[in-house]
Amino acid sequence: MAGSTLTAKEQEKAAILTAAIEGNITNSHAAKQLHLSVRQVQRAKAALRKNGKTSVIHGLKGKTGNHRIAEAIKDKSLKVIKKQYSDFKPSFATEKLAENHKITISYGTTRLWMIEEGLWKQRKQKKRTYRSWRPRKEYFGELQQFDGSYHLWFENRFVDATGYPLEVCLLATIDDATGKITKAVFAANEGIFAVFTFWKAYIEKHGKPLGIYLDKFSTYKINHKAAVDNAELMTQF
């Protein structure tokens with residue numbers, strides 16, 4: 001490195017750093033001229049004091065550049081993949097490159113290279129559907145949100161004949177306007193009998209709501225292809 005010849009750019013850099021060391025220009029002025037940060041200028045000045053002008057020579061001068069090394073690895077990897085793993089997924093091909101050929105690259109790199117060479121088709125991302133926000137109703141009773149939730153609500157305290165813990169279904173309504181729970185009961189299931197019993201008691205206490213917000217459970221909606229063609233196909237509920 002001591003015998004290396006400085007390029008014009010390196011000579012200019014050394015001159016600017018020397019001027020900063022001698023106090024002829026400030027570190028900020030040097031940083032602007034060299035397109036570096038002030039901290040980088042301070043480190044470069046320290047290196048210049050210690051090692052002389054050779055400190056400004058680029059570390060890769062006279063060596064094979066990183067870009068050329070990367071291209072060589074890419075060419076070698078793709079040759080191996082085309083020959084032996086052309087029908088592999090990128091993740092599996094990455095594993096085989098490391099395991100059998102001592103080529104260690106990331107899955108993302110393998111995937112990108114395989115896409116570029118037409119060895120792997122980039123999957124189209126599914127369009128996400130965003131539900132628009134719905135303002136709450138203005139008055140109590142306008143809309144009741146109703147749902148059933150199966151859970152081991154009683155942990156091991158509610159068991160079947162064999163002693164196995166049983167799930168029960170919590171049926172509950174929440175008033176849309178106020179967010180308050182208006183009724184909640186435990187039932188064996190979310191079947192038609194349990195739901196009818198729930199709503200009979202609700203109406204006797206609160207009166208009939210203007211609307212009920214339901215999910216697509218089979219008690220409330222017929223989940224069958226025939227229902228598309230038959231608008232009158234309704235559940236008992």
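Figures for the structure shown
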read-out: Single residue of segment 148-192 satisfying the filter (under 14 Å from G211 (Cα atoms) and not β-branched (V, I, T)) that is surrounded by the fewest Cβ atoms within 10 Å (Cβ to Cβ); value: A177
read-out: Residue, farthest from the chain's Cα centre (by Cα), within segment 144-173, restricted to residues that are modelled with pLDDT under 80 and β-branched (V, I, T); value: T162
read-out: Residue list for segment 165-178, filter: small (G, A, S) and free of Cβ contacts under 8 Å to residues at least 40 places away in the same chain; value: A172
read-out: Identity of the residue in segment 185-202, closer than 8 Å to L171 by Cβ and touching a residue at least 24 places away in the same chain (Cβ under 8 Å), that ends up nearest to the chain's Cα centre (by Cα); value: E190
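The values are calculated or read from the model by the stated rules, or taken from the named source; none is laboratory data. Just so you know, these numbers come straight off a predicted model, no measurement behind them. Counting neighbours? That spans all protein chains shown, and the Cβs are built from the backbone with ideal geometry, glycine included.
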